[in-house]
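Engineer: Dropping a structure here in structure tokens format, bear with me for questions.
The values are calculated or read from the model by the stated rules, or taken from the named source; none is laboratory data. Since we're looking at a predicted model, the values are computed, not measured. A quick note on method: Cβ atoms are made from the backbone with ideal geometry, for glycine too, and the neighbour counts reach across all protein chains shown.
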């Protein structure tokens, strides 16, 4: 990862004209979360930074200028806030998986990459965390009705 530039993993499908994949993203979403395994982390909200990259099937889009016809990044942000509002999680990995699972509910989303960083946890590091990538199983998308966030 180059500072400030997201470099897709080899074979990742993010914004690909030939495959009709649109890249929808949320950058540097900072929220307070109850996250961590240490006693002090279970009672205190601490800042986390979340980045989400979505590979969205453009074939699922109708050529309109209507919000209902796209994967809306505001809906993604609200879903992340709702996940965090559910309460304490021990691991950044758990939070990342929950965000990825929620994103993949929308059948237009082919793949999701989620990065969750805890800020100010290690004095010598600006952040620590995890990045995951999940891809929809092809058979799961077939025949699935379109769902809104």
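Engineer: Determine the pairs where a residue that is under 23 Å from residue 114 (Cβ atoms), located within segment 61-75, has a partner that is modelled with pLDDT under 85 and in a helix (DSSP H, G or I) with Cβ atoms under 8 Å apart, the partner being 6 or more residues away or on another chain.
Structural biologist: What qualifies is 61/69.
Engineer: So, one more: If a residue has to be more than 18 Å from residue 47 (Cα to Cα) and surrounded by fewer than 19 Cβ atoms within 10 Å (Cβ to Cβ) to count, how many in segment 74-96 make the cut?
Structural biologist: Final tally of qualifying residues: 2.
Engineer: Still on this model: Sort out which residues of segment 25-54 are farther than 16 Å from residue 85 by Cβ and modelled with pLDDT of 95 or more, and write them in order of number.
Structural biologist: 25, 26, 27, 28, 36, 37, 49, 51, 52, 53, 54
Engineer: What's the total number of residues in segment 102-133 that are touching a residue at least 24 places away in the same chain (Cβ under 8 Å) and over 15 Å from residue 48 (Cα atoms)?
Structural biologist: 13
Engineer: Let me ask something else. Just to be sure, is residue 71 assigned to a loop (DSSP other than H, G, I, E, B), within 16 Å of the chain's Cα centre (by Cα) and surrounded by 15 or more Cβ atoms within 10 Å (Cβ to Cβ)?
Structural biologist: Yes, satisfied.
Engineer: How do the pairs read when you match residues in segment 20-39 that are farther than 14 Å from residue 117 by Cα with residues anywhere that are part of a loop (DSSP other than H, G, I, E, B) and modelled with pLDDT of 95 or more, using Cβ under 7 Å and keeping only pairs 6 or more apart or on different chains?
Structural biologist: Partner pairs satisfying both residue conditions: 37/90.
Engineer: Could you check, for segment 66-80, whether at least one of its residues is within 20 Å of residue 126 (Cα to Cα) and modelled with pLDDT of 95 or more?
Structural biologist: The answer is no; no qualifying residue exists.
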